[in-house]
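Right, I'll just put the structure down here and ask away after.
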Amino acid sequence: MEKFEMIYEGKAKKVYRTDDEKKYIVEYKDDATAFNGLKKGSIRDKGVINNKMSGLLFKLLEEAGIPTHFETILSDREMLVKAVKILPLEVIVRNVAAGSLSKRLGLEEGVIMKETVLEFSYKNDELGDPMVNDYHIFAMEFASKEQLNILKEYALRINEILKEFFLAKNLKLIDFKLEFGLFEGQVILADEISPDTCRLWDVETNKKMDKDRFRRDLGDVEETYQEVLRRLE
Ligand code: UDP
């Protein structure tokens, strides 16, 4: 597999074309940002951890029947993926109140939601990823009705699979963000699943084991990312 030119650089990853037009190489960086890029920093070896963790979770989801862009791990920081066109939506799944939901609804962090909450945001940094509903999604043609139904079904199934998996590792899945892409006309899971995109709390102590340690300057950032991977492997 030959790595060609970089076609995209985001906050945490770079994407490269390859000699196979249907495959991309994703390279995970150590760079960390929060609050829509206002806070910038770096978490040592985050790229290595997020690459491994995403690979492991994509494999788990594939085995459970969820189509993903994941092909194989290539190196410490690189994975081979299907060349998808990313839908401009962030799909957020919430089991427990935290972060922006707590603020918006005046809920203390840790309040268990009586039903799983699904939210959608329009992926647009300049606008600060505004929340959108089904009507906005259809009116703006972010996704078709059929595609949105598939997104919802996959997001809820992924939540059940990941909740059970993390619980067995003594981690509570509080909330997480997914991104999907189109490959040969089909909706498949893309992007990453890592402590950058999930909130994970230790079952016994409720210690935050995710990017909130960086966002909120809670300390032990590197150690915590390492510990999450250690529990999963
Ligand atoms: N999230 C993410 N990228 C974003 C926004 C949110 O990965 O651009 C994840 C975040 O890590 C958390 C969940 O989605 O696990 C819900 O985030 P929330 O809306 O509470 O926003 P935050 O408080 O993280 O800004």
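Please identify the DSSP H helices in the chain that span no less than 20 Å along the helix axis (Cα) and have a mean Kyte-Doolittle hydropathy of -0.5 or more. Intermediate values should be presented prior to the final figure.
Values: long enough: 46-63 (25 Å, 0.07); 145-167 (33 Å, -0.09).
Once both thresholds are applied, what remains is 46-63, 145-167.
Something else: Check LEU74: other-chain or 5+ apart residues with amide H under 5 Å from its amide H, H built from backbone geometry?
Those lying under 5 Å, H to H, from LEU74 are MET79, LEU80.
Which of ALA12, ALA139, ALA34 moves the most in a Gaussian network model of the chain with Cα springs under 10 Å?
ALA139
Taking 22 Å as R0, compute the FRET efficiency from the Cβ-Cβ separation of GLU2 and GLN186 and round it to 0.05. Before the final figure, lay out each step's value.
On the way: r = 26 Å, r/R0 = 1.19.
Given R0 = 22 Å and the Cβ-Cβ separation, E is 0.25.
Right, next: What are the residues whose amide H is under 5 Å from the amide H of LYS23, where those residues sit 5 or more places off or on another chain and H is modelled from the backbone?
Result for LYS23 returns THR18, ALA83.
Take the cross-link list LYS59/LYS208; LYS23/LYS177; LYS40/LYS172; LYS14/LYS52 and give me the ones stretching past 21 Å between alpha-carbons.
On the way: LYS59/LYS208 25 Å; LYS23/LYS177 23 Å; LYS40/LYS172 27 Å; LYS14/LYS52 16 Å.
Violating the 21 Å limit, Cα to Cα: LYS59/LYS208; LYS23/LYS177; LYS40/LYS172.
Counting helices only, and only those DSSP H runs with n ≥ 4, report the 222 nm mean residue ellipticity of the chain as the sum of -39,500 (n - 2.57) divided by its residues, in deg cm²/dmol to the nearest 500. Mind dumping the intermediate values first?
Values: 6 runs with 70 residues, N = 233.
Taken over the chain, the calculation gives -9500 deg cm²/dmol.
How big is the stretch 101-233 in terms of Cα radius of gyration and Dmax, in angstroms?
16.2, 45
Taking the Cα-to-Cβ direction at GLU126 and at GLU153 and moving 7 Å from each Cα, how far apart do the two end points lie in nm?
3.6 nm
Based on the alpha-carbon gyration tensor of the stretch 99-153, what equivalent-ellipsoid semi-axes (square roots of 5 times the eigenvalues) come out, in whole Å, largest first?
Numbers: eigenvalues 116, 52, 12 Å².
Gyration-tensor ellipsoid for the stretch 99-153: 24, 16, 8 Å.
Limiting things to C-alpha atoms, what are the Rg and the maximum Cα-Cα separation (Dmax) for the stretch 1-64, in angstroms?
According to the Cα coordinates of the stretch 1-64, Rg and Dmax are 13.7, 38 Å.
Once the dipole of the chain is set up with Lys and Arg at +1 and Asp and Glu at -1 on Cβ about the Cα centre, which of LEU151, TYR122, MET6 lies farthest towards its positive end?
Checked the options; the winner is TYR122.
Using Cα centres only, tell me the gap between the stretch 112-162 and the stretch 54-72 in whole Å.
Using only Cα atoms to place each centre, the spacing works out to 20 Å.
Hey, what D do you get for the stretch 59-159 in µm²/s if you plug the Kirkwood alpha-carbon radius into Stokes-Einstein at 20 °C and 1.002 mPa s?
Details: Rh = 15.7 Å.
Estimated via Stokes-Einstein, D reaches 136 µm²/s.
Quick one: Debye curve from the C-alpha atoms of the chain, no solvent, what's log10 I(q)/I(0) at q = 0.07, 0.16 Å⁻¹?
Ignoring solvent entirely, the Cα scatterers give -0.21, -1.26.
Could you give the spread of the C-alpha atoms of the stretch 19-104 along their three principal axes, from largest to smallest, in whole angstroms?
So the extents along the principal axes, rounded to whole Å, are 45, 31, 23.
Separate question: GluC sites (Glu not before Pro) within the stretch 107-203: which are DSSP loop residues with at most 13 other Cβ atoms inside 10 Å?
Passing both the DSSP loop test and the Cβ count: GLU108, GLU141, GLU184.
Enumerate the amide H contacts of VAL203 below 5 Å, restricted to partners 5 or more residues apart or on another chain; note that Pro and chain-start residues carry no placed amide H.
Those qualifying (amide H under 5 Å, at least 5 residues apart or on another chain) are LEU171, LYS172.
Readers should treat all values here as calculations from the given coordinates under stated rules, not as data from a laboratory. Given the structure is predicted, the values throughout are model-derived calculations rather than measurements. When we count neighbours, we look across all protein chains shown, and the Cβ atoms used for this are built from the backbone with ideal geometry, even at glycine.
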